[in-house]
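Let me begin by presenting the structure, written as structure tokens, before commenting on it.
The values are calculated or read from the model by the stated rules, or taken from the named source; none is laboratory data. This structure is a prediction, so every number in the text was calculated from the model and none was measured. When we count neighbours, we look across all protein chains shown, and the Cβ atoms used for this are built from the backbone with ideal geometry, even at glycine. Heads up: the accessible areas ignore ligands, DNA and RNA and are worked out on the full protein's heavy atoms, side chains in. Shrake-Rupley method; radii C 1.70, N 1.55, O 1.52, S 1.80 Å.
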Protein chains: 2
Amino acid sequence: MADYRQAGVDLDAHAVLVRRIADLAGRASRPEVLSGVGLFSGAMGLPQGLGDPVLVASTDSVGTKVLLAAACGSWDEVGRDVVIHCANDVVTSGASPLLFLDYLAVHALDATQTLGLVGGVAEACRQAGCALLGGETAQLPDLYQPGTFDLAGTMVGVTERSRLVLPRAGVGDAVLGLPSSGLHTNGFSLVRRILAETRTDPRAHQAELLAPSRLYSGDVRRLVEAGLPLHGMAHITGGGLPGNLDRVLPPDADAVLDPASWERPTVFTWLQRLGGIAEEEMRRVFNLGIGFCLVVPAEIAGQALALLPEARRIGELVPGQGRVVWR
Amino acid sequence: MADYRQAGVDLDAHAVLVRRIADLAGRASRPEVLSGVGLFSGAMGLPQGLGDPVLVASTDSVGTKVLLAAACGSWDEVGRDVVIHCANDVVTSGASPLLFLDYLAVHALDATQTLGLVGGVAEACRQAGCALLGGETAQLPDLYQPGTFDLAGTMVGVTERSRLVLPRAGVGDAVLGLPSSGLHTNGFSLVRRILAETRTDPRAHQAELLAPSRLYSGDVRRLVEAGLPLHGMAHITGGGLPGNLDRVLPPDADAVLDPASWERPTVFTWLQRLGGIAEEEMRRVFNLGIGFCLVVPAEIAGQALALLPEARRIGELVPGQGRVVWR
């Protein structure tokens with residue numbers, strides 16, 4: 001892994017850890033990789049057969065989900081999350097994940113924590129089909145409290161220029177929603193406040209709270225390979241449906257969503273009841289069960305739904321002002 | 001800038017800031033950029049004329065230099081540092097910087113701080129010739145102390161496959177050193193300890209301590225365009241010359257360096273005297289005035305030095321065990 005080194009205090013432990021990280025990264029490689037671990041940068045070729053390749057890139061972090069992971073002593077899930085979150089961002093442009101680099105900043109290197117996190121990162125890279133080409137593990141004791149860490153990453157995907165999806169939604173289009181696995185990586189500042197105020201032990205609800213994000217690259221690929229036109233895609237992250245689907249709306253259309261058109265996962269109803277959270281705030285903060293939206297011409301909505309059995313038609317575009325409104 | 005949004009508390013202030021960040025990013029673009037700010041990911045094509053492109057990527061952070069920048073209330077320099085640091089990593093493979101994404105994590109959004117940092121990032125992207133294609137600004141008040149922040153970034157460069165530089169150094173090669181501008185981004189944990197123990201106000205030495213890193217892409221390009229063979233390049237970061245040049249040494253050769261062959265910048269002698277630091281530790285922690293090393297066949301060293309007037313011949317490879325030793 002490029003740059004997995006640092007002038008740390010315990011250089012021997014660090015060297016052992018770097019070798020084990022390199023092993024993990026080696027298991028998340030691709031044939032196009034030319035150099036990885038140990039040099040200053042990782043190098044890889046492009047997949048064969050691309051005539052006019054376009055790169056698509058996104059950087060993101062897991063946010064305060066890391067604090068809940070730390071409280072639960074559970075690392076693998078957020079390691080996977082950071083990869084899948086960035087992959088889903090890249091997938092909105094119709095690109096396939098190609099290479100990933102992680103950034104892990106810690107108070108002090110703890111082998112269980114670091115290998116758990118990087119193990120999750122490597123596992124999700126395999127799932128997403130991208131190479132773990134590099135990363136940085138920074139020991140910054142004066143910046144991070146003992147036990148805490150921050151985890152971010154960068155995904156670079158690639159697509160044929162003719163297949164790049166740029167938003168071109170319009171009135172009459174249908175909005176399809178793909179189910180989330182739960183909270184994904186957003187809303188954890190509110191979740192942690194609810195848990196603290198109600199003295200609820202997160203470890204008793206760990207599986208639901210830390211469930212890794214769902215990856216949507218396979219769903220999108222199925223539609224693209226069927227030649228179906230996509231007018232826009234939205235990854236539902238911080239800001240919920242109103243704060244993300246709006247990014248692919250034209251200024252003269254609103255998306256009208258029917259919240260009865262999909263089932264809300266129990267983790268959201270539980271959190272809402274536990275914290276006494278207003279429906280308005282729930283909608284602004286959480287994905288509420290829809291992790292990814294596809295905007296498609298209404299006439300192909302049926303075909304798309306037939307290819308994606310878990311998808312639901314959750315709304316449509318009507319004349320408006322570029323906002324998301326609720327039926 | 002892709003993903004420059006978040007469900008923050010002050011969403012209006014955030015929206016204004018996002019627009020100003022987008023303006024800054026727009027001034028660090030390239031003609032190949034297809035989409036940037038406001039979507040979930042940024043997209044760009046590859047430069048014209050590449051037959052078999054290879055991508056080269058690196059993620060890194062500014063380390064605890066951010067804490068010194070915070071103490072001085074000075075942001076632009078570390079913003080530039082994160083870009084240049086990653087660019088120099090990519091340059092070691094012979095690649096040219098193509099696109100950059102930054103990751104800024106803060107306690108709370110402060111317009112002066114954020115715009116100072118991102119302004120520095122954008123300025124350095126222009127200098128390095130890459131597009132600022134995206135980034136993430138995360139408000140994580142429970143993870144970061146008031147006023148503190150972390151800054152990381154990812155650079156993707158590109159090169160023709162036939163011009164990719166992978167280490168192939170051997171006994172007899174010469175080591176050329178290019179001057180650093182000072183500390184660059186490494187050794188700041190030690191610097192801060194020295195300043196604290198001697199009650200030295202960093203603001204009185206701000207210019208020397210925070211001087212942005214030097215970019216080496218132009219120097220390397222000059223050698224590549226002259227057709228000179230490069231057997232390896234090392235970016236001198238945490239670990240100093242012994243901990244970085246060793247990464248491009250073969251297992252059967254040592255690099256013997258002559259510390260009298262270049263001038264040590266005054267910031268290092270001042271810090272060494274102020275903190276009473278042993279020479280051994282100085283060499284292990286700081287770049288000591290050499291920010292980048294080129295390993296070249298001895299017979300072309302003269303030609304290379306003629307093209308790079310600031311470079312010095314600082315050592316040579318002799319039979320050994322892959323270590324850096326001092327004459």
Scanning region A:88-124 residue by residue, those part of a loop (DSSP other than H, G, I, E, B) and under 23 Å from residue B:44 (Cα atoms) turn out to be A:92, A:93, A:94, A:95
Counting only strands (runs of 3 or more DSSP E) entirely within region A:250-327, those with at least 2 residues that are open to solvent by 40 Å² or more (accessible area, probe 1.4 Å) are A:312-319, A:324-326
Subset of region B:61-116, residues of a type in the set (D, E, K, R) and open to solvent by 10 Å² or more (accessible area, probe 1.4 Å), comes to B:76, B:77, B:80, B:110
Filtering region B:2-31 for residues that are within 30 Å of residue A:131 (Cα to Cα), modelled with pLDDT under 90 and more than 12 Å from chain A (Cβ to nearest Cβ) leaves a count of 3
Hey, does region B:231-238 have a residue that's in contact (Cβ under 8 Å) with a residue 12 or more places away in the chain, assigned to a strand (DSSP E or B), surrounded by fewer than 19 Cβ atoms within 10 Å (Cβ to Cβ) and of a type outside the set (Val, Ile, Thr)? no
Of those in region B:192-208 that are among the aliphatic types (A, V, I, L, M) and open to solvent by 50 Å² or more (accessible area, probe 1.4 Å), the residue farthest from residue B:81 (Cα to Cα) is B:196
When (1) at pLDDT 95 or above; (2) touching a Ser or Thr at 6+ places or on another chain (Cβ under 9 Å); (3) away from chain A (no Cβ under 12 Å) are applied to residue B:232, the one that fails is (3)
Residue under question is residue A:172, and the condition is that it be more than 18 Å from residue B:57 (Cα to Cα), open to solvent by 30 Å² or more (accessible area, probe 1.4 Å), modelled with pLDDT under 95 and not acidic (Asp, Glu); does it hold?
no
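Among the residues of region B:178-200, write down those that are at the interface with chain A (Cβ under 9 Å from one of its Cβ atoms), over 26 Å from residue B:250 (Cβ atoms) and not hydroxyl-bearing (Ser, Thr, Tyr).
B:187, B:190, B:192
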(1) modelled with pLDDT of 85 or more; (2) closer than 13 Å to residue B:115 by Cα; (3) among the aliphatic types (A, V, I, L, M); (4) surrounded by fewer than 22 Cβ atoms within 10 Å (Cβ to Cβ) all hold for residue B:34 apart from (2)
Residues of region A:126-138 being open to solvent by less than 20 Å² (accessible area, probe 1.4 Å) and either in contact with a Pro (Cβ under 8 Å, 6 or more places away or on another chain) or not hydrophobic (A, V, I, L, M, F, W, C) (or both), in sequence order, are A:128, A:130, A:134, A:135, A:136, A:137
Conditions (1) facing another protein chain (nearest Cβ under 10 Å); (2) more than 20 Å from residue B:130 (Cβ to Cβ) -> residue B:175 fails only (1)
Residue pairs within 6 Å by beta carbon, gap of at least six or interchain, first lying in region A:248-276 and in the same structural domain as residue A:194 (by TED's automatic domain parsing), second among the polar types (S, T, N, Q), listed first then second, are A:274/A:198
Is it the case, given these coordinates, that residue B:311 is in contact with a Lys or Arg (Cβ under 7 Å, 6 or more places away or on another chain) and either in contact (Cβ under 8 Å) with a residue 40 or more places away in the chain or small (Gly, Ala, Ser) (or both)?
no
Per the list (1) away from chain A (no Cβ under 13 Å); (2) open to solvent by 10 Å² or more (accessible area, probe 1.4 Å), residue check on residue B:141 breaks on (1)
- Query: Just wondering, is there one or more residues in region A:159-180 that are closer than 14 Å to residue A:81 by Cβ and not assigned by TED's automatic domain parsing to the domain that holds residue A:71?
  - Reply: yes
When residue A:187 is run through (1) touching a Phe, Trp or Tyr at 6+ places or on another chain (Cβ under 7 Å); (2) outside the structural domain of residue A:301 (by TED's automatic domain parsing), the failure sits at (2)
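Taking region A:44-87 only, how many residues are outside any loop (DSSP other than H, G, I, E, B), touching a residue at least 24 places away in the same chain (Cβ under 8 Å) and within 8 Å of another protein chain (Cβ to nearest Cβ)?
Number of matching residues: 12.
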